[in-house]
Every structure is written in structure tokens, then in C-alpha cells.
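Read the structure below first, then the notes.
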Amino acid sequence: MNKMTINDSDVTGRRCLVRVDFNVPFDEHLVITDDTRIQASIPTISALLAKGASVVLMSHLGRPKGKPDPKYTLRPVATRLSELLGKPVAFASDCVGPEVEAMSRALGPGEVLLLENLRYHAEEEANDPSFSRQLAALGDVYVNDAFGSAHRAHASTEGVTHFLSPCLAGLLMETEIEYLGQAVGTPARPYTAILGGAKISGKIDVIQNLLGKVDTLLIGGGMMFTFLKAKGMEIGSSLLEQDKLELAAKILADAEAQNRRLVLPVDTVVAGAFDNDSPSRIVGVDAIPADMMGLDIGPETIELFEEIILASKTVIWNGPMGVFEMPNFAVGTNAIAQALVRATEAGAITVVGGGDSAAAITQAGLEAKVSHVSTGGGASLEFLEGKELPGVAALTAK
Ligand code: AMP
């Protein structure tokens, strides 16, 4: 990684302004229902505190539309964070202004301050320079540990970096860049990508970028049916993106021209309705009944995909193989998750992109058994598309 991290700079006695991702889910009583993201920030915060820095934390939460809204306050996060850190966490009722600046200057080494929701100000998403300058006044050093927000050039991810130096990657950010960077950079081969999810349309750029890099591309999920249709097969009432048929045909032709192996499922689990309880059966992809839809990959496909995954040295996975939210159609997705675990045990680097595949591997309880599960949905997709993320580009080079 060519960006400076918190281990490359002496932060002792300095105020570190840290962008974290505390965009956690709440119930109607403002109780945090999943604190994974808060927990994920602890290594960076603890490391900075152990180095004798003071820490000023900033995050967005939900979509308060540029003005204060008590539904989106970060105050409960300060309480939870304090429990996790085992020390007090001060809370500022705004994220900029003279009072907040005074609070940040009053911090001693080892002390923590959490700022109120950045999106109480429309200037955050507008990447407003004077707002960025106000944020920058709250620290001596900038740290970004919010990979999931790094694909947006906002004041707290990009603007602020023009007014502070150095700008360092936090530990979570460093891990994300290392693993995802390997997947788009110089992966150990054979290199296999598995793509699934509902639609081709959301992943065209990922497919095209990865096709130029992988040895094998496995396609599952709803998007498989547009590819099958492009090959002239009948897909019944399965998900079809009519306007992407030509593109699917072009991707298939490109794969052949570039000598890449693009593997489509050979069988599928079909049902009469988009419903977990709809009676289902397994059919070959060339025998999908006209009145049924494919909702998962079939057992022969699972076996074929497993074999390829287990022979790989690098595997990247983005998107479920079927409608994994319904237990009867989660078999393919869970089998792929298991195959990734076995490949990891055999020494392969395995990376799960954020979003639904991250949710699927967590649902299967296997997230600790693969090399890396990305915390950023949109950000990991843009990374895999080969784009430079503004929040990463803005960090200080080594
Ligand atoms: P994406 O956000 O594009 O990664 O798509 C994820 C969604 O794709 C999940 O909600 C899955 O239920 C859905 N999905 C996966 N396979 C299928 C399928 N065969 N038919 C319809 N939806 C699917």
C-alpha cells in the first residue's frame, strides 16, 4: 500500500481528527441494533490512544437532509463506544463551531470526543471548502478509517484533507485497501471472481474490469438468466434485463476473445413464484419451464463452482448466488461461502465484497473464516471497477 497509515507518523500529543463509519442501525427507541461498525473502529481508536494522541471522531448517520434531526443523533453511539473502549467519550452537540473547537483543544492525550452527525450540515455532502476548513480546525492530523464512505468526495472524506497534513489511513482502511488492492492489482493465480446478485446493470463495470484480470469468472444470481437468454436459452419467468441482452452477448464474446473462462450455471432451482414456500425443483438451464423462475443455482453448478474455487489462489466474491434471504433458495449462496472457507484453509486469499455477499457470509457465521470481508458496499464495488476512490486518493502518499 502506498498510503501513509497511523503507524507511519508520530501522533503522540497530537489531536487526531478521525473519520469513522458509525452509520449504525437503530430501532424506534434509538437503541443500536447492530454495533459491528462501532466495534470495527476500535483497533484504530485504541492504537491512536495508546500512542498518546487525543481522538476527535466524526461520522455521518442516516439521511437527516442537511439539518439537525433528533432521529439521527450520534449521542447513543458515544455511550456504546464508551462501553467498548472502557473509558469516557465526550460528545459535542455539533460537528463544527467555536464551542466544538474549544472542546477539541481541551482534550488531553488518551481522551476521546465524538462529534454530532456530519450530515446535520448540507455542506458535508456538498464538500464545501469553508465547512472542510472548520472541520480541519478540530485536529492536527487527519485519519480516515471509513472505507465505506471513501467513494464519496464529501467534506469529511476529501475536502478536509486540503487543510490538514498528514492524512493517514486507519487500520480498517489499510486492510480494505490491501485486500481489495490485491484483487485488482497483482493477485496470486489462478484468480477467480464470483459475481451474483440481482442484476447485470449494477455490476457492468465490475464485470468488465474483472474480466480483464481474472482467469475465471463465475456468474450466478439473478444476472445469470440474462446471460443464458443471450445464449439463446429459454428462461421462463426468471429475472430478465431485456435491455442488457446485447451487452450480455458482448461480454460473452469478449471473454472468449480474451481467452477468459466465463462459467455460467448448468442447473438451477426453479419455483412457480417468488416465495420461499413455493414448491421448487432442480432443472438443467436448458430445461427451465415457461411458467417457472430460477431462484438459486443447482447442485451440479455448486459442484462445478466449488471445484474451480478450490483450485484458485485468489478468490473475490460479490453478490449472492440466489435469493438468499429465503432459506429455501440460500443453498447455493451458503455452499459458495463454505467453498471460500475451504479455499482459505488451503492457503488462498479470499475476499468478500461488501453489501449482500457480506450479509450472506455473516448470516452463515463464516465471516472470520475468509481472508477479508469488506465493510463497504458501494465503495468495494467502485474499487473492483478499477476506480480510484476520492477518500483514498486524498490520503498522504508514503
Ligand atoms: P445485488 O444488490 O445486485 O447484489 O443483488 C442482491 C439481490 O439479488 C438479493 O436480494 C437476492 O435476493 C437477489 N437475487 C439473487 N438471485 C436471484 C434470482 N435468481 N432471482 C431474483 N433475485 C435474485
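Results for (1) among the acidic types (D, E); (2) over 18 Å from V214 (Cβ atoms); (3) surrounded by fewer than 17 Cβ atoms within 10 Å (Cβ to Cβ); (4) within 12 Å of the ligand (Cβ to nearest atom), shown as yes or no for each residue.
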position: D291; (1), (2), (3), (4): yes, yes, yes, no
position: F305; (1), (2), (3), (4): no, no, no, no
position: A311; (1), (2), (3), (4): no, no, yes, no
position: V351; (1), (2), (3), (4): no, no, no, no
position: K398; (1), (2), (3), (4): no, yes, yes, no
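Only one residue in A335, A364, A346, A379 is of a type outside the set (K, R), farther than 30 Å from S278 by Cβ, away from the ligand (no atom under 12 Å from the Cβ) and surrounded by fewer than 24 Cβ atoms within 10 Å (Cβ to Cβ), so which one is that? So the residue among A335, A364, A346, A379 that is of a type outside the set (K, R), farther than 30 Å from S278 by Cβ, away from the ligand (no atom under 12 Å from the Cβ) and surrounded by fewer than 24 Cβ atoms within 10 Å (Cβ to Cβ) is A346.
Listed by position, the strands (runs of 3 or more DSSP E) inside the range 124-213 whose residues that are within 16 Å of the ligand (Cβ to nearest atom) and crowded, with 19+ Cβ neighbours inside 10 Å number at least 3 are 191-195. Restricted to the range 282-372, the set of strands (runs of 3 or more DSSP E) holding at least 3 residues that are under 26 Å from L240 (Cα atoms) and either under 22 Å from the mean Cα position of the chain (by Cα) or touching a residue at least 40 places away in the same chain (Cβ under 8 Å) (or both) comprises 293-297, 314-318.
If you go through the range 229-243 and keep only what is buried (at least 18 other Cβ atoms within 10 Å of the Cβ) and over 17 Å from V323 (Cβ atoms), you end up with K229, A230. Pick from A379, A330, A346, A397: which is at pLDDT 95 or above and closer than 30 Å to L164 by Cα? Going through A379, A330, A346, A397 in turn, just one is at pLDDT 95 or above and closer than 30 Å to L164 by Cα: A397. Just wondering, is there one or more residues in the range 242-260 that are in the same structural domain as A343 (by TED's automatic domain parsing), within 15 Å of the ligand (Cβ to nearest atom) and not in a helix (DSSP H, G or I)? Among the residues of the range 242-260, not one is in the same structural domain as A343 (by TED's automatic domain parsing), within 15 Å of the ligand (Cβ to nearest atom) and not in a helix (DSSP H, G or I), which makes the answer no.
If you take the residues in the range 313-332 that are in contact with a Ser or Thr (Cβ under 8 Å, 6 or more places away or on another chain) and near the ligand (Cβ under 8 Å from one of its atoms), which one is nearest to T375 (Cα to Cα)? Even if it seems obvious, please write down each step before you answer.
Residues of the range 313-332 that are in contact with a Ser or Thr (Cβ under 8 Å, 6 or more places away or on another chain), as a first pass: 314-322, 324, 328-329, 332.
Narrowing further to those that are near the ligand (Cβ under 8 Å from one of its atoms): 318-322, 324, 329.
Working: N318: 12, G319: 14, P320: 16, M321: 20, G322: 21, F324: 19, F329: 25 Å.
Only one residue tops the list, namely N318.
Against the criterion of being within 17 Å of G197 (Cα to Cα) and aliphatic (A, V, I, L, M), V323 qualifies.
The values are calculated or read from the model by the stated rules, or taken from the named source; none is laboratory data. Just so it is clear, the structure is predicted and the values come from calculations on it, not from any experiment. Glycine gets a Cβ as well: all are built from the backbone with ideal geometry, and neighbour counts include every protein chain shown.
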